[in-house]
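Enquirer: This is the structure, below, for whatever I ask next.
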There are 2 protein chains.
Amino acid sequence: MSELRKDPATNRWVITLDDKSFKPQTDSKLSGEIPEHDGACPFCTGNEDKTGKTIYSVNDMDGKWKVRVIPNNNPYLKVETQLKKHGVGIFDVISGTGANEVIIETGRHDMDFERFEPADIEDIFRTYRDRILDLRRDSRIEYILIFKNRGARAGAKTAHLHSQLMALPIVPEKVSEELKSSAQYYEFKGRCVYCDIIENELMLKDRVIKESEHFVTVAPFASQTPFETWIFPKDHAAHFHKLSNIELKEVAIALKDAVTRLNKALNHPSYNYMIHTAPIKEGDLEHYHWHIEILPRIKPVAGFEWGSGFFINPTLPEEAAAYMRKL
Amino acid sequence: MSELRKDPATNRWVITLDDKSFKPQTDSKLSGEIPEHDGACPFCTGNEDKTGKTIYSVNDMDGKWKVRVIPNNNPYLKVETQLKKHGVGIFDVISGTGANEVIIETGRHDMDFERFEPADIEDIFRTYRDRILDLRRDSRIEYILIFKNRGARAGAKTAHLHSQLMALPIVPEKVSEELKSSAQYYEFKGRCVYCDIIENELMLKDRVIKESEHFVTVAPFASQTPFETWIFPKDHAAHFHKLSNIELKEVAIALKDAVTRLNKALNHPSYNYMIHTAPIKEGDLEHYHWHIEILPRIKPVAGFEWGSGFFINPTLPEEAAAYMRKL
């Protein structure tokens, strides 16, 4: 039995099945042996001269870095580029103005969130927050996206744990769509759609994976991929960068918990996560609610998904959540 | 030097680079040795009893099938399912009503468009057209998507050449967006955006790969992936299924040409193609123009693309087109 499910926050449809024969794709590079140190890896401690200069770092008590932010080696966007919007015949072009930074999340080559202390992940999330607070002062920047590619199937070129930051001169299409749909919902209902989802899920419990005082981890109703996992702050807030220190502490615990469960459920899958947050120039929007979306990359994106923008998910989110809860 | 380019038909932004170091991912399963016949393959001639019953076929003069349409083995959507739209708490659900068919494009296991006669591809496209004409009589169907997954990276589970058809009870999100953006353009300019693109590209020539009397093959200005290739009918038409017999003949030649060039340029890459066409219940829309989009899958879709909906393309479409023209 299949059905079409709609995500009320984005109006995106998904075909969900209950296909017990589905086999997740694994990524040998993440589950195999990884050395603690790789002499050729520019992200490893001791190889700092192989990268651009440090933009920001979190250091331990001995003054050694634990988290280090560097410009992307071959950046897609540069702050030095003058912002220019122009037409080329019938087409529109904007200069590659912005920033593209790499957040190196540990000096060790073989680490994973699973083996971090929550305080280490807190340092990483504080770094995300501080980089946004710094970059948002540049008035040419319209949106700052923080994301992680983990494993080759998720687009990572190295096993060394890192995230990326893109500061963009426009608000990306998917974010605009999300804002538009949630504004529509707000106009109709007078409530934040994400607040409604959180309340609904906490009441029903069948898609809840983990709950803490300020956060809840769920398998979304219209999951695009098997074991898709979202982490929400319970209190309404549009901007990630305004999270409190208590929330910072708790989101780190929630993320470690989610990744550990995914690693167990899917044998260290490739995954992406993205911080969905309001555009930096927006105020405290009543209709938007920041959150983290984790997408295990265990199923290739095929032509149907490309052509239609909706996804076929062979695993019911209720079943994924029940499985994840038990781990 | 990077820039942001906008596709005027969809308002989708892409970051384009000129990165000579980019290495396309190949798919050994398509370039290696493939047997002419595979006893275990349900799509091979002689194994017809391994599939559901034939829905449609094109036969040769001896009565043997050349193209054969079957229901998907484990269909995502079924015509037998009663259409039901209902709410589940705050969520919306539609029953899995529709159709999911597989178009087996040859009885041989090892074939490729490159080695087909254009007349064989014409048979395949005639099959697409006839299946749409049949399925559109079901008033519950809102959209019919035809797409090909070729190679493992594009989501294909077999090397045996085939396409798929999905008849859906809703218009998919990406199609709605495309219709909305092109309607916006039409409202502003009073012209079809695709007609404008075709005229512009034929005038400039630098992104044109091939031109025939009724079709033109281009590398789109805001290509999402390296070597993305679009095939347009020159005459304005919203619906693929209304194409004339002359166009049918020519689109087959254009497709063989495009795939042959891609195979040469990228060593038999995985790719998806989708037929972009107006929803079947729409009339002859002035603002929409059917076309085929071919997406080589030589670069993984990473977190940035997922989170933002826009793409980073390391190869300039002008360079891709120049290279493809020469082959």
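Enquirer: Take region B:32-46 and flag every residue that is surrounded by 15 or more Cβ atoms within 10 Å (Cβ to Cβ), within 30 Å of A:Ile15 (Cα to Cα) and not aromatic (Phe, Trp, Tyr).
Expert: Scanning region B:32-46 gives B:Cys41, B:Pro42, B:Cys44.
Enquirer: Criterion first (under 30 Å from A:Ile132 (Cβ atoms), at pLDDT below 95 and charged (D, E, K, R)) does A:Lys53 satisfy it?
Expert: Against the criterion (under 30 Å from A:Ile132 (Cβ atoms), at pLDDT below 95 and charged (D, E, K, R)), A:Lys53 qualifies.
Enquirer: Just to be sure before I move on: is A:Glu318 within 14 Å of chain B (Cβ to nearest Cβ), assigned to a helix (DSSP H, G or I) and more than 30 Å from B:Trp230 (Cα to Cα) in the structure I sent?
Expert: In short, yes.
Enquirer: Continuing with this model, one more query. Can you name the number of the only condition in (1) buried (at least 16 other Cβ atoms within 10 Å of the Cβ); (2) without any contact (Cβ under 8 Å) to a residue 60 or more places away in the chain; (3) more than 12 Å from every other protein chain (Cβ to nearest Cβ) that A:Ile121 fails?
Expert: Exception for A:Ile121: condition (2).
Enquirer: Here is a follow-up. Within region B:205-227, take every residue that is farther than 16 Å from B:Lys326 by Cβ and aromatic (Phe, Trp, Tyr) and give me the one that is farthest from the other protein chains (Cβ to nearest Cβ).
Expert: It comes out as B:Phe215.
Enquirer: Any idea which residue in region B:2-31 is surrounded by the fewest Cβ atoms within 10 Å (Cβ to Cβ), counting only those that are within 14 Å of chain A (Cβ to nearest Cβ) and polar (S, T, N, Q)?
Expert: B:Ser21
Enquirer: Residues to consider are A:Val58, A:Val88, A:Val79; find the one that is in contact (Cβ under 8 Å) with a residue 24 or more places away in the chain and farther than 29 Å from A:Ile231 by Cβ.
Expert: Numbers: A:Val58 fails: farther than 29 Å from A:Ile231 by Cβ; A:Val88 fails: in contact (Cβ under 8 Å) with a residue 24 or more places away in the chain.
When all the criteria are applied, what remains is A:Val79.
Enquirer: Kindly check whether there is at least one residue in region A:84-94 that is within 17 Å of A:Thr158 (Cα to Cα) and either touching a Ser or Thr at 6+ places or on another chain (Cβ under 7 Å) or surrounded by 18 or more Cβ atoms within 10 Å (Cβ to Cβ) (or both).
Expert: Taking every residue of region A:84-94 in turn, none turns out to be within 17 Å of A:Thr158 (Cα to Cα) and either touching a Ser or Thr at 6+ places or on another chain (Cβ under 7 Å) or surrounded by 18 or more Cβ atoms within 10 Å (Cβ to Cβ) (or both).
Enquirer: Right, here's the next one. Can you find even one residue in region B:278-289 that is within 28 Å of B:Cys192 (Cα to Cα), among the hydrophobic types (A, V, I, L, M, F, W, C) and within 10 Å of chain A (Cβ to nearest Cβ)?
Expert: No - not one qualifying residue is present in region B:278-289.
Enquirer: When the residues of region A:65-82 are narrowed to those that are modelled with pLDDT under 95 and in contact with a Ser or Thr (Cβ under 6 Å, 6 or more places away or on another chain), which ends up surrounded by the fewest Cβ atoms within 10 Å (Cβ to Cβ)?
Expert: Applying the filter and picking the extreme gives A:Thr81.
Enquirer: Looking at (1) in contact (Cβ under 8 Å) with a residue 12 or more places away in the chain; (2) more than 14 Å from chain B (Cβ to nearest Cβ), which is the one condition that is false for A:Lys326?
Expert: With respect to (1) in contact (Cβ under 8 Å) with a residue 12 or more places away in the chain; (2) more than 14 Å from chain B (Cβ to nearest Cβ), A:Lys326 is out only on (1).
Enquirer: Count, please, the residues in region B:139-177 that happen to be surrounded by fewer than 24 Cβ atoms within 10 Å (Cβ to Cβ), of a type in the set (Lys, Arg) and part of a helix (DSSP H, G or I).
Expert: Residues that pass the stated criteria total 1.
Enquirer: Same structure, new question: Looking at region A:218-304, what strands (runs of 3 or more DSSP E) fall wholly within it and have at least 2 residues that are surrounded by fewer than 23 Cβ atoms within 10 Å (Cβ to Cβ) and on the phi > 0 side of the Ramachandran plot?
Expert: On the way: elements: A:229-233, A:271-276, A:291-296.
Where strands (runs of 3 or more DSSP E) fall fully within region A:218-304, none carries at least 2 residues being surrounded by fewer than 23 Cβ atoms within 10 Å (Cβ to Cβ) and on the phi > 0 side of the Ramachandran plot.
Enquirer: To continue, here is another question. Just wondering, is there one or more residues in region A:51-62 that are of a type in the set (S, T, N, Q), crowded, with 21+ Cβ neighbours inside 10 Å and more than 8 Å from every other protein chain (Cβ to nearest Cβ)?
Expert: No, the conditions are met nowhere in region A:51-62.
Enquirer: Restricting attention to region B:250-271, does a residue exist that is within 12 Å of chain A (Cβ to nearest Cβ) and within 24 Å of B:Ala219 (Cβ to Cβ)?
Expert: Yes - at least one qualifying residue is present in region B:250-271.
Enquirer: Show the residue pairs meeting these rules: Cβ distance below 9 Å; 6+ apart or different chains; first residue within region A:248-272 and within 14 Å of A:Glu213 (Cα to Cα); second residue surrounded by fewer than 23 Cβ atoms within 10 Å (Cβ to Cβ) and among the hydroxyl-bearing types (Ser, Thr, Tyr).
Expert: Sorted first by the residue in region A:248-272, then by its partner, the pairs are A:Glu250/A:Ser212; A:Ile253/A:Ser212; A:Ala254/A:Ser212.
Enquirer: Can you find a residue in region B:194-205 that is touching a residue at least 60 places away in the same chain (Cβ under 8 Å), within 16 Å of B:Ala278 (Cα to Cα) and either among the polar types (S, T, N, Q) or surrounded by fewer than 21 Cβ atoms within 10 Å (Cβ to Cβ) (or both)?
Expert: Yes, the conditions are met somewhere in region B:194-205.
Enquirer: Continuing with the same structure: Based on what the data block shows, is B:Val88 among the hydrophobic types (A, V, I, L, M, F, W, C) and in contact with a helix residue (DSSP H, G or I) (Cβ under 9 Å, 6 or more places away or on another chain)?
Expert: No: the conditions fail for B:Val88.
The values are calculated or read from the model by the stated rules, or taken from the named source; none is laboratory data. All figures in this text were calculated on a predicted structure; none of them were measured in a lab. Heads up, the Cβs are rebuilt from the backbone with ideal geometry, glycines too, and the neighbour counts pull from every protein chain shown.
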